[in-house]
1. For the chain, what relative contact order do you get, as a whole percent, if you take Cα pairs closer than 8 Å and at least 6 residues apart?
2. Report the calculated FRET efficiency for TYR11 and ASP68 (r = Cβ-Cβ distance, R0 = 25 Å), to the nearest 0.05.
3. Local charge sum around LEU81 (other residues, Cβ-Cβ under 14 Å, Lys/Arg +1, Asp/Glu -1)?
4. What order, most packed first, do the peptides 38-51, 12-25, 71-84 have when packing is the mean number of other Cβ atoms within 10 Å of each residue?
5. Quick check for you: which residues of region 25-50 have the amide N under 18 Å from the point 7 Å beyond the Cα of GLN56 toward its beta carbon?
6. Hey, got the dipole for region 4-64? About the Cα centre, +1 on K and R Cβ, -1 on D and E Cβ, debye to the nearest 20?
7. What's the local net charge at THR30, with K and R +1, D and E -1, over the other residues with C-beta under 12 Å away?
8. Using θ = phi - 60° and the Karplus relation 6.51 cos²θ - 1.76 cosθ + 1.60, list the HN-Hα couplings for region 15-28 in order, rounded to whole Hz, with x at every Gly or Pro.
Amino acid sequence: MKIASESITHYDEASDTYHCSYGPPVPAVTVHDPERGLLVRVEPQSRQVVGFSIPQFKQWHAERAEADGGFQVDLPSMWALSPDDEIPEAPPGG
């Protein structure tokens, strides 16, 4: 689970892209998540999700935001980088 207070967010108006990093930026690969309509950043060694970006944010927000304008992105903490990539399950309470 990611904690909002540890997240760094930025909206780039010129490119209409919303960015969120979980802590300081680290080298990562970007994976397209068509189900959520965003780009997920994954640290390739650990497979840990380290952030995400939402391109065409105004349209995404109009389609997915709550009535009050708020929105939530629910991502797993680990991300498979290939179909045969096995992600270990988190221990209970972890």
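1. Working: 135 pairs, mean separation 20.7, N = 94.
Relative contact order here is 22 percent.
2. 0.90
3. Net charge in that neighbourhood comes out at -3.
4. On the way: 38-51: 17.5, 12-25: 14.2, 71-84: 11.9.
Those peptides, ordered most packed to least, come out 38-51, 12-25, 71-84.
5. 31-40
6. Computed about the Cα centre, the dipole is about 120 debye.
7. -1
8. 9, 6, 10, 9, 10, 9, 10, 8, x, x, x, 9, x, 7
Bear in mind that the values in this text are calculations on the coordinates, not laboratory data. Since this is a predicted model, take the numbers as computed values, not measurements. So basically every Cβ, Gly included, is an ideal-geometry build from the backbone, and we count neighbours across all protein chains shown.
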